[in-house]
1. With a cut-off of at least 2 residues that are over 26 Å from ALA135 (Cα atoms), name the helices (runs of 4 or more DSSP H) lying wholly within the range 1-102.
2. Just one of (1) surrounded by 15 or more Cβ atoms within 10 Å (Cβ to Cβ); (2) assigned to a helix (DSSP H, G or I) trips up TYR121, so point out which.
3. With the requirement that a residue be at pLDDT 90 or above, farther than 17 Å from PHE167 by Cβ and crowded, with 17+ Cβ neighbours inside 10 Å, what does the range 4-19 give you?
4. Condition test on THR124, is it under 24 Å from MET152 (Cα atoms) and polar (S, T, N, Q)?
5. Can you tell me how many residues in the range 143-168 are surrounded by fewer than 14 Cβ atoms within 10 Å (Cβ to Cβ) and either under 12 Å from the mean Cα position of the chain (by Cα) or among the aliphatic types (A, V, I, L, M) (or both)?
6. Looking only at the range 30-40, decide whether some residue is over 18 Å from LEU153 (Cα atoms) and either among the small types (Gly, Ala, Ser) or surrounded by fewer than 22 Cβ atoms within 10 Å (Cβ to Cβ) (or both).
7. For the range 46-78: of the residues being polar (S, T, N, Q) and closer than 14 Å to VAL31 by Cα, which is surrounded by the most Cβ atoms within 10 Å (Cβ to Cβ)?
8. Name every residue in the range 84-118 that is of a type outside the set (Phe, Trp, Tyr), surrounded by fewer than 19 Cβ atoms within 10 Å (Cβ to Cβ) and farther than 21 Å from LEU74 by Cβ, in order of residue number.
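The values are calculated or read from the model by the stated rules, or taken from the named source; none is laboratory data. Just so it is clear, the structure is predicted and the values come from calculations on it, not from any experiment. Because the Cβ atoms are built from the backbone with ideal geometry, glycine has one as well, and the counts that use them run over all protein chains shown.
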Amino acid sequence: MSRERFLLIVVMIFVVAMFRVLPHLPNFTPVAALALFGGAVLMDKRWGMGIPLLAMFLSDWIIGFHSLVPLIYLSFVVMVLMGTFLRERRRILPIGFVATGASIFFFVVSNFGVWAIGGLYPRTLDGLVACYVAALPFLQNTLLGTLFYSVMLFGGLWFLEKGLPRFRETSLATIH
């Protein structure tokens, strides 16, 4: 990967991560999209995992940390690995499919954490069901946010590659 392309991708990740700091609808964030994008376009696994995690950490440092952060970061790592599926499949349908899967995965994991770690729900099967039911309105925003920011990241890179040849990675598939 060229130095210019690498720096462009890093800047894109950090800029989009800062959208977490700005006012937004509940759960309408770039979290899953950042993970998928990092896994898909940063070929070196260390950078693919490290850059998006660093961006998340810096935005959390501004927003504030909470008891679910370790679980959120673990789910983020899994989503980066999901993004590696897109490396040779950066097209609309695969991106949409994986983004939807990542949103559902994040919903399941984060709300399980709310139930298991938080004190809002009894630690029973009924409490777990109540936690997921109460969180359903947030699933829509999670999905919409993931799809929106995936379009921004993957689509933005596609437009830059198309208009500025020096940013192209010729060995990778492009978005169609």
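1. 3-17, 31-41, 45-63
2. (2)
3. Result: PHE19, single match.
4. In short, no.
5. 1
6. Within the range 30-40, the subset over 18 Å from LEU153 (Cα atoms) is none.
Scanning the range 30-40 turns up no residue that is over 18 Å from LEU153 (Cα atoms) and either among the small types (Gly, Ala, Ser) or surrounded by fewer than 22 Cβ atoms within 10 Å (Cβ to Cβ) (or both).
7. Checked the range 46-78; the qualifying residue surrounded by the most Cβ atoms within 10 Å (Cβ to Cβ) is SER75.
8. Result: ARG87, GLU88, ARG89, ARG91, ILE92, LEU93, PRO94, GLY96.
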